[in-house]
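The values are calculated or read from the model by the stated rules, or taken from the named source; none is laboratory data. The model shown is predicted, which means the values in this text are computed figures rather than measured ones. For neighbour counting, all protein chains shown are included, and Cβ atoms are generated from backbone atoms with ideal geometry for every residue, glycine included. Quick note on the areas: whole protein, heavy atoms, side chains included, nothing else; ligands and nucleic acids left out. Shrake-Rupley method; radii C 1.70, N 1.55, O 1.52, S 1.80 Å.
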Amino acid sequence: MNTVYSWLKAYVPDLDVTAQEYSDAMTLSGTKVEYYTRLDRNLEKIVVGKILKIEKHPDADHLVICQVDIGEKQIQIVTGAANVFEGALVPVVLDGGKVAGGHEGGPLPEDGIRIHSGKLRGVKSEGMMCSIEELGSSRDYYPEAPENGIYIFGDGFDVKPGDDAVEALGLHDVVWEYEITSNRVDCYSVLGIAREAAATFGKKFVPPVPEAKGNEEKASDYISVDIKDPDLCSRYCARIVKNIRLAPSPQWMQRRLAASGIRPINNLVDITNYVMEEYGQPMHAYNYDQIAGKKIIVSRAQDGETFETLDGQERKLDHDILMIRDGEKAVGIAGIMGGENSKITEDVHTVLFEAACFDGTNIRLSARRLGLRTEASAKFEKGLDPNTAQEAIDRACQLIEELGCGEAVGGTVDVYKKKMEGHRIPFRPEWINHFLGTNIPEETMISYFGPLAFQYDAKAREVITPSWRQDMKQEADLAEEVARFYGYANIPTTLPRGESTSGGISFKHRVENTAREVARFCGFSQAMTYSFESPKVFDRLLLPENAPERQAIQIANPLGEDFSIMRTLPLNGILTSLSTNYNRRNKDAALFELANIYIPKALPLTELPDERMQFTLGFYGGGDFFTMKGVIEEFLDQVGMRERVTYDPNCNRPYLHPGRKADVIYGGETIGYLGELHPAVCDNYEIGERVYIANIDILKIVERASYEPIFRGIVNFPAVTRDLSLTVSKDIAAGDIETAILSEGGDLLESCRLFDIYEGSQIQSGYKSMAYSLTFRAKDHTLSDEEIQNAMNRILEALKKLGAQLRG
Amino acid sequence: MIKDTLDKIRQEALAKMEEAGDMDRLNEIRVAYLGKKGELTKVLKGMRDVAPEDRPKIGQMVNGTRAEIEQKLEDAKKTIASRERERRMRAEKIDVTLPAKRIRVGHSHPNTIALEEVERIFTGMGYQVVEGPEVETDYYNFEALNIPANHPAKDEQDTFYITKDILLRTQTSGVQVHVMEQQKPPIRMIAPGRVFRADEVDATHSPSFHQIEGLVIDKDITFADLKGTLAEFARQLFGPDTKVKFRPHHFPFTEPSAEMDVTCFKCGGKGCRMCKGEGWIEILGCGMVHPNVLRMSGIDPEEYTGFAFGVGLERIALLKYEIDDMRLLYENDIRFLNQF
């Protein structure tokens, strides 16, 4: 929404502020100004000049020399423009002045273009005659301006040499652009904004008084209106205008429309646009002679019906689209666009004006289905006040008469069954003060209501709001009106009192923080990736057709296939990011992410899915499987999970290297997995290095984590270390050997550390040599040789069962 | 006679110690004079020839000499040790300006750094940090927030739907409702989390981003409290000189509603490129919790009032750390992350 200063002043005559003052004050009273544009920006020393004489340039065929009267004197200007003639009145920028743009149009330079006297092909030129583009505008807004030529003031202008040309063109004006919030439908109109401006600056608001009695005839003899679907059309006003005389509308109307960004066309079109801007009420003009049966019927379209709109496009309709019909055919899509068959043509004689109120939601959805959002539909979809329709249609007829555009027929055909009313809201000033934390006197509050057209019923202690303020429903709404005119800045600044609360974070949050810390201190940086991805991810990760991970939640209206399912496993995000790094030639990269996966309980969804927080790590370069394994163990240690972790290489993880993968088992349950990425998956992600990944289910950690370590004392009895060197089949996992040692070593075995592993020439093929260092210690006495020997014997016995032989 | 011998031995020994350059040499001297076959032992062996009544006296003299030599040996040892340490240290001199051997530590995501700041500020004020579901029902995301079916605000937010009633939350505001349903006032909470809107990816938009919702419900909570709390938040987040400005705005779930601007933390409010010359930067939306919202969540608006606010986490991160393109936040290029 935008408004022009000159137009606002028509309704708030005493408004006298700078563009910046206006912007600031309006923003603080709730009508947010996004930005403003001064139409005379970079226009300096530009006057009306009259061309007295034109001569050929002696040395250039395409240039002429003009003697120009600029009021106080006569100057000489050389120009290449072809459309100048003796006697023409033109805008002239004088020596040292400025214009806004180049003569071809296009984006305007920040500081404009400075014009100086000079010589053109040896002939003195003391200024420049301007095209409309040089004045920062275009033919869209000054349709009378020539293409590629100097702007020439026509008969509509009462100007003489030396006058301010910028003034004459109506460019001493400001356009403010607003962000209007959806609750303030009334502010999508110049009058609505003007009312707010008047209230904000404490000035008088003088709205137009629409009066158009029309001739002796009666509109009802011309037309009848029948609303078949009153739920979608709460009101329909129709008036007739005959003897239409199309002509350009007056300069003031053209200028206001142009400055608002609407191209002037002719008086009839301009009037409907003008009223739409002024009241926020869209109007439509039908060619009455094309309306069959003197009838307007408002009814839903048939499924599959087609209709040609006035832009010449064939539209496919459905049962939820509301149509305007005559006695025989459809003549318009209600609230969106009229039909080709009834549009205004050059030879139009009689016009049917429509000012109606259609259901906002229906218009919004219809416009979207049709892919046809128009100025009118954009207004309707916000939900208009049907009470405006009568005023607007009368205003249009008033302008028709004033501008000599035609002859309004008397009376309105108005179908309006259920009148929309404002609300009565209890007014308790003490409650408002208590709610705002203020101490505003009652009279002050009441004084804010008048300019907004709120009435105060002192007896009932109620405020009665106008029908265009459907956002006003309860006391909190009144409090906001009081607050914004009292000034948010004037409300005190306090801190909540009352019972204090103990803040803090959840246990899960704490575990996540630990995960972040451990990952970071192990060299991983935090990544963030999207929660939705492509279903192609499953193929990229080599998941079989029947993999449960393929049961993913689909987004009904995704931004495309690449963002169409909610992730059921977390790898794609990290792998895509690693791939980005690899392809940008980053030598190594280590990333982690903490994010949810979404596991549906049933598909299609009948209830909310499980959201499971995952701790996912991945890297390439600078490490191997055991580096990653170390990170996981470090994490488990930090969350107090200090029992033994085991690793199951027989896990089903198709995306991992079959010989380098493991589930992470804690307390008998899988809490995550790790491994080297399957080389085929590396290829799919275009990563030319070995990638290691790990994933831990945070919820499983939350169940087991503890931040309450217990000190178990420091044992001062001496430790005894025994080394154990074994030969064992290559197929036996170190984990199994460790399990045997630990379980047989019992309480006396303090630790067991693998310090050497060897395969090669001195070892039988198919076997490996493993050397462990075992530390024994008792809490309460010095161990005897016998105790140690017994433990060692038990261990050796168990190892024998694994086929291990003690080496020499 | 013996006294002369002892004197001679002592002088000899001391002279040799003087010349000794290292520990080995000192050891040789010890063996030569104090050892089993050393000079002093020889003297003692020669006692056989001494009259028995003179022996104690001689013995004393020998022991005296031994003690003296031992003492001198000890001193010489210390001197040599200290000399050797000096020499070693001189040899061990390093160039301290050579590069450091760093343990590679990773970096936090800028969103996380900003979030931790916000969490620190609010937990310090007694707020709980809570979370809610990212896949949410229409009820919690819209209806319970005073956004009924067909409300234009639903369109404005370009919602991703899963089914008619289940969607990807477009705002963290729904967490308010969950908390109000589960807890009795006083409530002070913030709820950070992912939200989703159907915006195409560009320098300022992302279909997935983060918000932090805040909610305070208690008796006698006022708009003035809202202003005071958020002004304090702004000072803690952007610096003690930060000023705030509240502008009226509209959110369906608060009334009155406001947007809060802070003085540009780059230029201090004078106007610069960062604040587009305005001196102010828009930071968050807020307002008094709408009575309809309280009622729907089972809280009596006559007894309790409250305020709520919502902050865009990415917005804070982009502004605070001067990141000029939102896409960088989701690419995870380590050359980007390493700067945080």
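Before moving on, here are some points about what is shown:
- Qualifying residue in segment A:436-443 (condition: surrounded by fewer than 18 Cβ atoms within 10 Å (Cβ to Cβ) and within 14 Å of another protein chain (Cβ to nearest Cβ)): yes
- Filtering segment A:674-695 to residues that are open to solvent by 10 Å² or more (accessible area, probe 1.4 Å), more than 39 Å from the chain's Cα centre (by Cα) and of a type outside the set (A, V, I, L, M, F, W, C) leaves A:His678, A:Pro679, A:Glu689, A:Arg690.
- Residue within segment B:241-259 that is surrounded by fewer than 17 Cβ atoms within 10 Å (Cβ to Cβ), in contact (Cβ under 8 Å) with a residue 12 or more places away in the chain and under 29 Å from the mean Cα position of the chain (by Cα) present: yes
- Some residue of segment B:198-211 being within 10 Å of chain A (Cβ to nearest Cβ), open to solvent by 10 Å² or more (accessible area, probe 1.4 Å), touching a residue at least 60 places away in the same chain (Cβ under 8 Å) and part of a loop (DSSP other than H, G, I, E, B): yes
- Residue in segment A:537-550 that is touching a helix residue (DSSP H, G or I) at 6+ places or on another chain (Cβ under 6 Å) and within 11 Å of chain B (Cβ to nearest Cβ) present: no
- On inspection, B:Thr263 does not qualify as at negative phi, of a type in the set (Val, Ile, Thr) and at the interface with chain A (Cβ under 9 Å from one of its Cβ atoms).
- A:Arg461 vs. criteria touching a residue at least 12 places away in the same chain (Cβ under 8 Å), among the charged types (D, E, K, R) and open to solvent by less than 20 Å² (accessible area, probe 1.4 Å): no
- Only one of A:Thr514, A:Thr501, A:Thr529 that is assigned to a loop (DSSP other than H, G, I, E, B), under 30 Å from A:Glu634 (Cβ atoms) and either within 7 Å of chain B (Cβ to nearest Cβ) or touching a helix residue (DSSP H, G or I) at 6+ places or on another chain (Cβ under 7 Å) (or both): A:Thr529
- Filter result for A:Ser534 (at pLDDT 95 or above, surrounded by fewer than 18 Cβ atoms within 10 Å (Cβ to Cβ) and among the hydroxyl-bearing types (Ser, Thr, Tyr)): yes
To keep it simple, each residue is scored yes or no on (1) of a type outside the set (Gly, Ala, Ser); (2) assigned by TED's automatic domain parsing to the domain that holds A:Val275; (3) open to solvent by less than 20 Å² (accessible area, probe 1.4 Å).
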site	(1), (2), (3)
A:Ile333	yes, yes, yes
A:Gly338	no, yes, yes
A:Glu346	yes, yes, no
A:Val351	yes, yes, yes
A:Ser366	no, yes, yes
A:Arg369	yes, yes, no
A:Gly383	no, yes, no
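- If the condition is being more than 14 Å from chain B (Cβ to nearest Cβ) and open to solvent by 30 Å² or more (accessible area, probe 1.4 Å), then segment A:171-194 contributes A:His172, A:Glu177.
- Answer from A:Thr18, A:Thr27, A:Thr31 - the residue that is within 14 Å of another protein chain (Cβ to nearest Cβ) and either without any contact (Cβ under 8 Å) to a residue 24 or more places away in the chain or in contact with a Pro (Cβ under 6 Å, 6 or more places away or on another chain) (or both): A:Thr27
- You will find that of A:Ala81, A:Ala60, the residue that is at pLDDT below 95, part of a loop (DSSP other than H, G, I, E, B), closer than 21 Å to A:Gly136 by Cβ and of a type in the set (A, V, I, L, M) is A:Ala81 and no other.
- Residue in segment A:361-374 that is touching an Asp or Glu at 6+ places or on another chain (Cβ under 6 Å) and more than 29 Å from A:Ala219 (Cβ to Cβ) present: yes
- Pairs with Cβ under 6 Å, 6+ apart, first in segment A:766-781 and within 11 Å of A:Ala804 (Cβ to Cβ), second open to solvent by 10 Å² or more (accessible area, probe 1.4 Å) and not in a strand (DSSP E or B): A:Lys768/A:Lys730; A:Lys768/A:Glu759; A:Ser769/A:Ile763
- Out of A:Asn586, A:Asn596, one residue alone is assigned to a loop (DSSP other than H, G, I, E, B), within 7 Å of chain B (Cβ to nearest Cβ) and either buried (at least 18 other Cβ atoms within 10 Å of the Cβ) or modelled with pLDDT of 95 or more (or both). It is A:Asn586.
- All conditions but one from (1) more than 10 Å from chain A (Cβ to nearest Cβ); (2) of a type outside the set (Gly, Ala, Ser); (3) open to solvent by 10 Å² or more (accessible area, probe 1.4 Å); (4) within 32 Å of the chain's Cα centre (by Cα) apply to B:Val195; the one that does not is (3).
- Cross-chain or 6+ apart pairs with Cβ under 7 Å, segment A:474-488 first and farther than 16 Å from B:Phe253 by Cβ and hydrophobic (A, V, I, L, M, F, W, C), then in a helix (DSSP H, G or I) and open to solvent by less than 10 Å² (accessible area, probe 1.4 Å): A:Leu478/A:Ile432; A:Val482/A:Ile432; A:Val482/A:Met445; A:Ala483/A:Leu436; A:Ala483/B:Phe223
- Inside segment A:413-435, residues that are among the aliphatic types (A, V, I, L, M) and within 11 Å of another protein chain (Cβ to nearest Cβ) make up a count of 1.
- Scanning segment A:89-106 for residues that are part of a loop (DSSP other than H, G, I, E, B) and within 16 Å of A:Leu39 (Cβ to Cβ) returns A:Ala100, A:Gly101, A:Gly105.
- Of note, A:Gln470 satisfies the criterion of being away from chain B (no Cβ under 11 Å) and over 30 Å from A:Ala590 (Cβ atoms).
- Where B:Arg235 falls short, out of the listed (1) farther than 30 Å from A:Thr529 by Cβ; (2) facing chain A (nearest Cβ under 10 Å): (2)
- Considering segment B:115-173, the residues that are more than 8 Å from chain A (Cβ to nearest Cβ), open to solvent by less than 10 Å² (accessible area, probe 1.4 Å) and of a type in the set (A, V, I, L, M, F, W, C) include one that is farthest from the chain's Cα centre (by Cα), namely B:Ile147.
- Condition broken by B:Asp225, with the remaining ones in (1) within 7 Å of chain A (Cβ to nearest Cβ); (2) in a helix (DSSP H, G or I); (3) surrounded by fewer than 23 Cβ atoms within 10 Å (Cβ to Cβ) satisfied: (3)
- For segment B:80-100, the criterion of being open to solvent by less than 20 Å² (accessible area, probe 1.4 Å) and either out of contact with any Gly (no Cβ under 7 Å at 6 or more places or on another chain) or within 14 Å of another protein chain (Cβ to nearest Cβ) (or both) is satisfied by at least one residue.
- Residue match in segment B:240-259 (condition: in a helix (DSSP H, G or I), polar (S, T, N, Q) and within 26 Å of A:Thr181 (Cα to Cα)): no
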